[in-house]
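Worksheet: one structure, shown below.
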Amino acid sequence: MNILGISAHYHDSAAALVVDGVPVCAVQEERLSRHKNDARFPASAIEWCLDHASLEPEALDAVVFYERSMLKFERILTCALRSFPRSWRSFPQAIKNSLGEKVWVRGIIASHLGVPRSKIFFTSHHAAHAAAAFFTAPSRQAAILTADGVGEWATLTVGHGERRANRRADITLLREIRYPHSLGMLYSTFTAYLGFAVNEDEYKVMGLAAYGRPTMVEQVRKLMRRTPDGAFALVPEYFEYHTTAARSYSAKFVELFGPPRSSFDPIDLETSEGRRFADCAASVQRVLEDTLVDMAGALQRETGLRDLCLGGGVALNGVANARILAEAGFERVFVPPAPGDAGCALGAALYADRVYFGNADREVPDHPFWGPRVDAGELARAAREDSQPVEDLAEPELLEHVAGELASGRIVGWMDGASEFGPRALGHRSILAAPHSVEIRDRLNRDIKFREEFRPFAPVTTVEAAERYFDLPPGGLRLARFMSGVFPVRPEWRSMLAAVTHVDGSARLQALDRDMAPRLYSLLEAYGRRTGIPVLLNTSFNIAGEPIVNRALEGYSTFRRCGIDMLVAGTAVVTKRASARPAPLEEEIACVQSAAASGAV
Ligand SMILES: [Fe+2]
């Protein structure tokens, strides 16, 4: 059975194809259209998926959209009427922003793909989140918690999933919290208040939180009432997102927290104003974590299950995920590589397969690499046309060469195989660098990522080496598989891992299994042989404001426009001419090597 899943029209459009119960491919529209967070109907993603699987649209048995658009229409209309007359001016805008063409989605899909309307289905938004989390996890039975800004009405659901001996699999959502009460919207309100882009920059709030102290937790708690059933309700007077599309926080909110930050002002942590913003971020982060830990703990006690699957955009909060693992009573916590709305394309297709059609449960490969494959020949052609030297190297020579360059302080664009589905670069579209010095971090921020100084970079290491450098709780390795948890760097290694250690001593670790990305794994080993420390800095291969690179050509364009020293795509290696590079950091690396060798660290 060929099932196409689609998410679109809100944020991060995507398409995914499931054939006979197993995902075949999935890609976000932004990777193909090159518009970051592209929310349009994912025509290119669908076309690529069908091409990849050599399917014509007529061969599709079902096309599944990731939410019930009429329910969403009802929610927007109801909210506008409830807050009438305050909302009447904003209603047309809200409809335009939140719905666009979504209400008419069945007709749009039918006309784009030429499939009959009878083959077009809808899942609820949170069922798609839950399915993306549970059906991709290697767990027989798990509790499920999904949380995001809002879908149709639900903003948080709890339930459980089960794979039975007869190969039937099912998801049961027990309860939901409904709009406007939303942890995602609470966090997004602070994202807007702190001058960042809503639905895009929530991770900047988490990064900033590490610089602050949670001195305003009591104020944040005033925004949210816990209810006797263990749920929560936001206090509407502090918010405006349910009445206007223009602003998410009210004058009363500003009375409580002070004037908001203008997005044009830099955050200067040396000033009391800068520290206030960092404290705000730390405070909302703390309340989010406490609430999630509390709700996940209650779910564990209720279900008695040992595994938890987390879905929805809130599951991108790695600090909260690590606390849930450590404190909620679950032994294992699974977060898929794409827990946000893009992942709903895959979730919707899997939900339809297992639940609507009742097909037999199939094991889903446990990796994030569902996108287009990189073509080394394309890089070689682009470099030659641009008169840049390109080498074609076989392994292990290539790996030794790249490891040597990394150890000399070079920054490497690394493209390998199929691209990741989801927002994290997990070793196939990554920028790699030595993790040891703050100079590398600052150079990456300044010359390559063009982004704020307070943003941390993530480390990648092998699963075998992870616990030597990072303080992982039981189950931490699993959470680190897709870089979904933030954990302490062991204090004795912090100075040696300065480029990937956040100001509070933590790191968003990827613990790499050899089978998942064997070339990067071998590169980590080669780097470890040279430096004594098999850890690399791993950040997504893109410049601020652009989507992660997809094809070799985009990797090459990015390489030419920023301070990356070397680009690898498959077996093709392009090195920037020496005159265009900064001085290497050999002296410093020699220090790392001798310290590691002497056991001084
Ligand atoms: Fe969502």
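Describe numerically, in nm with one decimal, the distance between label points set 7 Å from Cα along Cα→Cβ at residue 495 and at residue 167.
According to this spin-label approximation, the distance is 5.9 nm.
Report the local net charge at residue 399: Lys and Arg +1, Asp and Glu -1, summed over other residues whose C-beta lies under 12 Å from its C-beta.
Once all neighbours under 12 Å are counted, the net charge is -3.
Given C-alpha coordinates of the stretch 150-271, what is the ratio Rg to Rh with the Kirkwood estimate of Rh?
Expressed as Rg/Rh, it is 1.07.
Run the numbers for residue 561 and residue 468: contour at 0.36 nm per residue of separation, minus the present Cα-Cα distance, in nm.
29.8 nm
Report the residues of the stretch 109-136 in range of a label on residue 40: point 7 Å along Cα→C-beta, backbone N strictly under 20 Å from it.
109-114
What is the sum of charges around residue 341, taking Lys and Arg as +1, Asp and Glu as -1, for the other residues whose C-beta is under 10 Å from the C-beta of residue 341?
Net local charge, residue 341 excluded: -3.
Can you run phi through the Karplus equation (6.51, -1.76, 1.60; θ = phi - 60°) for the stretch 478-484 and list ³J(HN,Hα) in whole Hz, with x for Gly and Pro?
Ordered by residue, 3J(HN,Hα) equals 5, 4, 7, 4, 10, 6, 9 Hz.
Give a residue-ordered list of calculated ³J(HN,Hα) values for the stretch 161-167 (Karplus: 6.51 cos²θ - 1.76 cosθ + 1.60, θ = phi - 60°; whole Hz; x for Gly, Pro).
Coupling constants for the stretch 161-167: x, 8, 10, 9, 4, 7, 6 Hz.
On a C-alpha basis, how far is the centre of the stretch 298-374 from the centre of the stretch 510-569 in Å? Whole number, if you could?
Going from one Cα centre to the other spans 26 Å.
Skipping prolines and chain starts, which residues have an amide H placed within reach, meaning under 5 Å, of the one on residue 224, given they are 5 or more residues away or on another chain?
Distant-sequence amide H within range of residue 224: 235.
Beyond 29 Å between alpha-carbons counts as too far, so tell me which of 119/204; 449/576; 204/252 fall in that bin.
119/204
In debye, nearest 20, what is the charge dipole magnitude of the stretch 477-529 about its Cα centre with +1 on Lys and Arg Cβ and -1 on Asp and Glu Cβ, if you could check?
The calculated dipole for the stretch 477-529 is roughly 60 debye.
Calculate the spin-label point distance for residue 388 paired with residue 327, positioning each point 7 Å from the Cα along the beta-carbon direction, and give it in nanometres.
Going by the 7 Å Cα→Cβ label model, 4.7 nm.
If you place +1 on the Cβ of every Lys and Arg, -1 on the Cβ of every Asp and Glu, and leave all else neutral, what size is the dipole of the stretch 230-319 about its Cα centre, to the nearest 20 Debye?
Roughly 140 debye, rounded to the nearest 20.
Taking K and R as +1 and D and E as -1, what net charge do the other residues with C-beta under 10 Å from the C-beta of residue 526 add up to?
Taking every Cβ under 10 Å from that of residue 526, the sum is -1.
Report, in debye and to the nearest 20, how large the dipole of the chain comes out about its Cα centre when Lys and Arg carry +1 and Asp and Glu carry -1 on their Cβ.
1360
For Cα pairs less than 8 Å apart in space and 6+ apart in sequence, what is the mean separation divided by the residue count of the stretch 445-496, i.e. the relative contact order in percent?
30
Step through the residues of the stretch 550-559 one at a time and calculate ³J(HN,Hα) from phi using the Karplus curve (6.51 cos²θ - 1.76 cosθ + 1.60, θ = phi - 60°), rounding each to whole Hz and writing x for Gly and Pro.
3J(HN,Hα) across the stretch 550-559, in whole Hz: 10, 7, 4, 4, 5, x, 5, 4, 5, 4.
Could you pull out the longest piece of the chain with no exposed loop GluC sites (Glu not before Pro) in it, calling a site exposed if DSSP puts it outside H, G, I, E, B and it has at most 15 other Cβ atoms within 10 Å?
454-601
Most exposed first by the Cβ proxy, i.e. fewest other Cβ within 10 Å, how do 144, 543 rank?
Arranged by neighbour count, lowest to highest, 144, 543 become 543, 144.
Values quoted throughout were computed directly from the atomic coordinates according to the rules given, and no laboratory measurement underlies them. Since the structure is predicted, the reported quantities are computational estimates derived from the model, not experimental observations. No Cβ is skipped: glycine too gets one built from the backbone with ideal geometry, and neighbour counts run over all protein chains shown.
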